[in-house]
1. Can you pull a Stokes-Einstein diffusion coefficient for the chain at 4 °C (1.567 mPa s), Rh from Kirkwood over Cα pairs, as a whole number of µm²/s?
2. Carbon and sulfur atoms: what percent of the 1.4 Å accessible area of the stretch 29-90 do they account for?
3. Return the lysines within reach of Lys8: Cα separation strictly under 16 angstrom, same-chain partners fewer than 8 residues apart disregarded; answer none if there are no such residues.
4. Just the number please: accessible area per residue for the chain, 1.4 Å probe, all protein chains included, in Å².
5. Tell me the mean residue ellipticity at 222 nm calculated for the chain from its helices only (DSSP H runs of n ≥ 4, each -39500 (n - 2.57), averaged over every residue, nearest 500).
Amino acid sequence: MGLQNTLKALSDPIRREILNMLKNGRMAAGEITDRFDITGAAISRHLSVLKEADLIRDKREGKFIFYELNASVLEEIMLWIHDLKGDNHD
């Protein structure tokens, strides 16, 4: 996966908004799609990019797919940025 995929996924404002929505808990794909004024196919592609970057996880329950944040990857990025910044004050 790597940092490059993660940064690419985070570079898009729609994907960042999806992550913001998921910080409040898991959501069904339809709920996510309903919050945007773009096609379901476009949202599906954004979700795929986030999933490929391991920023979100999905789980099928019946006919619904639920997405949730994978906070561990975000924590790794924050630690990397903190180290890069060289700030030793905790």
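1. On the way: Rh = 13.9 Å.
This corresponds to a translational diffusion coefficient of 93 µm²/s.
2. On the way: 2340 of 4470 Å².
So the carbon and sulfur contribution to the accessible surface is 52 percent.
3. Of all the lysines, those that pass the test against Lys8 - Cα under 16 Å, at least 8 places apart if same chain - are Lys51.
4. Numbers: 6200 Å² over 90 residues.
Result: 69 Å² per residue.
5. On the way: 5 runs with 53 residues, N = 90.
Value at 222 nm, helices only, nearest 500: -17500 deg cm²/dmol.
The values are calculated or read from the model by the stated rules, or taken from the named source; none is laboratory data. Quantities reported herein were computed from a predicted structural model and do not represent experimental measurements. In case anyone asks, the SASA skips ligands and DNA or RNA and just uses the protein heavy atoms, side chains included. Shrake-Rupley method; radii C 1.70, N 1.55, O 1.52, S 1.80 Å.
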